[in-house]
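Read through the structure below, which is laid out as structure tokens, and then see the notes.
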């Protein structure tokens, strides 16, 4: 991705249509299909409603506004944004390994936090550095897929996601599923 940002449409062709992973041009990609168990993104039968109260169907992709989720708790993250992001990614991968979250999970990082992690797709958790504003990247990924849940408390981003048919949950939903 260009360091200076650029038009989002210029890199959307790198998103796998099936699973939403950002694919490096030189890298072979094996699509990771979500499970068909009906419990994608860690939702179980007792936790299948959206904030609006509607019934929630199985979700194909979880997209996380990492800056927003990290920033939702006063942990001192602002002193070391890159380190806080690295620790968050480790916790998200551990939650997937522990079965608390189902794949695919896409973590969008932006700004100074990008220095803490490399673009990657490891064990169903993709780290996507936003070329510009993280919200624009998240909205573009959500628009490119039919079934997504975005984790954010950002009202403007939530409106954009809902406008393209996505679901939105708050940071607590995700933080409750991550190991300490």
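Bear in mind these aren't lab numbers, they're just calculated from the coordinates by the rules spelled out. A quick note: this is a predicted structure, and the numbers were derived from the prediction, not measured. Ideal geometry is used to build each Cβ from the backbone, glycine not excepted, and the neighbour counts take in all protein chains shown.
Starting from the Cα of residue 147, step 7 Å toward the Cβ, then list every residue of segment 92-125 with an amide N under 17 Å from that point.
What the label zone holds, given the 17 Å backbone N cut-off, is 101-106.
Quick one: if you stick a label point 7 Å off each Cα along the C-beta vector at residue 159 and residue 112, how many nm between them?
2.9 nm
7 Å from Cα along Cα→Cβ at both residue 78 and residue 180: what's the point-to-point distance in nm?
Distance between the two pseudo-spin positions: 2.5 nm.
Give the order of 85, 172, 106 when sorted by the count of other beta carbons within 10 angstrom, beginning with the fewest.
The most exposed by this proxy come first: 172, 85, 106.
What is the distance in Å between the Cα centres of segment 65-102 and segment 106-138?
12 Å
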